[in-house]
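The values are calculated or read from the model by the stated rules, or taken from the named source; none is laboratory data. As the structure is a prediction and not an experimental result, all values here were calculated from the model. Virtual Cβ from ideal backbone geometry, glycine too; neighbours counted across all protein chains shown.
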Amino acid sequence: MSLLNVDNCTKNFGGLAAVSDLCMEVGTHDLLGLIGPNGAGKTTVFNMITGVHHPTGGRIVFDGIGLVGRKAHEIARLGIARTFQNIRLFPSLTVYETVQVAFNRNVRYGFSHAISRLGSFHEDEAAVRNNIMEILEFFDLTEVRDEQATSLPYGLQRRVEIVRALATRPKLLLLDEPAAGMNPSEKVSLMNLIKLVREKYDIAILLIEHDMKVVMGICERLIVLDYGVKIAEGTPREIQNHPKVIEAYLGEQVQ
Amino acid sequence: MKLDKSIVFLISAFVISGLATTIENRLNPYYFQILIYIGIYIILASSLNIINGYAGQFSLGHAGFMAIGAYTSAVITSALHVSRGSVFSFPAFAIALLFGGIVASLFGLIVGIPSLRLKGDYLAITTLGFGEIIRVIVQNLDFLGAARGFTGIPKLTNSFWVFSTVALVIFVIYNLVNSTYGKAFLAVRDDEVAAEAVGISSTRVKVVAFVTGAFFAGIAGGLYAHFVTYINPMQFSFIKSFEIVVMVIIGGMGSLLGVILSATLLTILPEALRGVAQYRMVIYSLLLVIIMITRPQGLFVKRRSIKKNAAPQTELS
């Protein structure tokens, strides 16, 4: 049962083919890793799925709905959430407010009631407050909830970013190099975090990552890109010994 | 029906400012004038703050919205032959002000929608252009008095109208920013891409900001016109837009209290400096430079911003 179907997608930037004829399927409960050397086009794939870029060719179907041509916020509302390679938090907001932004779509009231506070305002706000406290509690962020999110240690910032994505109740979570810039113990925490997310939310996760320990440690299936082309697909074990993959990573350590 | 605290605040403000009109005659006319100007500039600066400080869109054409409100309301009171003493003047002025605000907000829509693709400097120049276009159009419309100006506007503005509107602007901004709905504005200001990624339409946020900001600028224009009783296009030039921008920056973009204080300060300052006549503008400008060098995040802001292009926070933002 495929949740996301990327069908012959291509992205050209001028003369450069960042991604060529990519075919990829993600099932509703998959934990899929997208790996490849730097510049392989992995983030471009994410950007095409989330609507930041429009594919030059091909289709993307999510939960039966075509994604190509839709705006980024529409796609987010359909149930795809993401984190970014360089953590993108809201510099002036606290952890609490950051998660609150993600619950924006849960409120039924509009502009006029936001101001007059009539109608469903108080009820909706109370419900949002409960949701925020619950998710902060679950991910152990209650203590820092009134801290400026960008003033937290790097590992916690990444956690906040992931929690913000989860607050939108997505069906598919895209994590773009979540372990980037982390020390070994932070990476272990991250892996546990992702496993926790899997248990609680039972959603599909698509992960871009360079750190092979992380990738091999949590992914059930891998897709390997090189120069925008899929060169291999399979379980971590299969990929580890795949000749084309080893060749693409020549000069880098693959465990 | 349970009334939110903020509505209690608003109604109290209406009552108090209404009572204030009964004693305003006893006040020295010069001080009274400054008080009215303070109120009008608070409205102008706060409404610009919605666009600049909360939604993060750099607008340099705010005087254009003010002009639209001023002329629209003047035309209405003139057409309705409203005069100062009549009982009819109360609802008539309310209608005139409201229409001034609505027409200004329509222009906010017209400016907002195409500007949305533009960022930073480009948006600033576009809004600057808009402000000038409005001024030039009015300058060439004979029935609005063109360059000669629009005279004979009834002096209907008093403390009730001004400070009720101030209370309304504060009410709107405070409630907006402290709601989940309003957090979307701050998110778009801070990082548009991240905001879109959690399902927020940055386009919608920017349009709402422009329309709301323009609405209150229009009302401020109406209040201004019915206080000075004579308006001409040169009063609404880029210089006026710039004065308002300065108030927002000095007060701290995105800071409700800060902007109120800076609007007050910057209205009083030129008056207070009248004693030093020819050095007035020098001192004023020097002060601005010093403030920008020493406290670029704004005078009245408590928390420092983390990123240099992020808006700082106070307890009321």
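Looking for something surrounded by 15 or more Cβ atoms within 10 Å (Cβ to Cβ), away from chain A (no Cβ under 14 Å), at pLDDT below 90 and on the phi < 0 side of the Ramachandran plot - is there at least one such residue anywhere in region B:25-42? Checked against the condition, which is being surrounded by 15 or more Cβ atoms within 10 Å (Cβ to Cβ), away from chain A (no Cβ under 14 Å), at pLDDT below 90 and on the phi < 0 side of the Ramachandran plot, region B:25-42 yields no hits at all. Kindly indicate whether any position in region A:168-187 is part of a helix (DSSP H, G or I), within 20 Å of the chain's Cα centre (by Cα), in the same structural domain as residue A:35 (by TED's automatic domain parsing) and at negative phi. Yes, because at least one residue in region A:168-187 is part of a helix (DSSP H, G or I), within 20 Å of the chain's Cα centre (by Cα), in the same structural domain as residue A:35 (by TED's automatic domain parsing) and at negative phi. Selection of region B:164-191 for residues being facing chain A (nearest Cβ under 7 Å) and in contact with a Leu (Cβ under 8 Å, 6 or more places away or on another chain) yields B:182, B:183, B:186, B:187, B:190, B:191. Considering region B:196-211, the residues that are more than 7 Å from chain A (Cβ to nearest Cβ) and aliphatic (A, V, I, L, M) include one that is surrounded by the fewest Cβ atoms within 10 Å (Cβ to Cβ), namely B:207. Before we move on, is residue A:193 assigned by TED's automatic domain parsing to the domain that holds residue A:36, surrounded by 22 or more Cβ atoms within 10 Å (Cβ to Cβ) and closer than 27 Å to residue A:6 by Cβ? Criteria not met by residue A:193. Looking only at region B:211-244, filter to residues that are within 20 Å of residue B:56 (Cβ to Cβ) and out of contact with any Phe, Trp or Tyr (no Cβ under 9 Å at 6 or more places or on another chain); which one of those is modelled with the lowest pLDDT? By that ranking, first place goes to B:242.
When A:52, A:61, A:26 are screened for being of a type in the set (A, V, I, L, M) and in a loop (DSSP other than H, G, I, E, B), only A:52 passes. Of all residues in region A:75-102, those satisfying the criterion of being facing chain B (nearest Cβ under 8 Å) and either out of contact with any Lys or Arg (no Cβ under 9 Å at 6 or more places or on another chain) or polar (S, T, N, Q) (or both) are A:82, A:84, A:88, A:92, A:100. Just to be sure before I move on: is residue A:33 more than 26 Å from residue A:155 (Cβ to Cβ), surrounded by 20 or more Cβ atoms within 10 Å (Cβ to Cβ) and either in the same structural domain as residue A:133 (by TED's automatic domain parsing) or in contact (Cβ under 8 Å) with a residue 12 or more places away in the chain (or both) in the structure I sent? Answer is no for this residue. Exactly one residue out of A:28, A:56, A:83 is modelled with pLDDT under 95, β-branched (Val, Ile, Thr) and under 19 Å from the mean Cα position of the chain (by Cα): that is A:28.
All conditions but one from (1) away from chain B (no Cβ under 11 Å); (2) over 30 Å from residue A:240 (Cβ atoms) apply to residue A:36; the one that does not is (2).
Condition test on residue A:139, is it touching a Lys or Arg at 6+ places or on another chain (Cβ under 8 Å), more than 22 Å from residue B:254 (Cβ to Cβ) and more than 7 Å from chain B (Cβ to nearest Cβ)? Criteria met by residue A:139.
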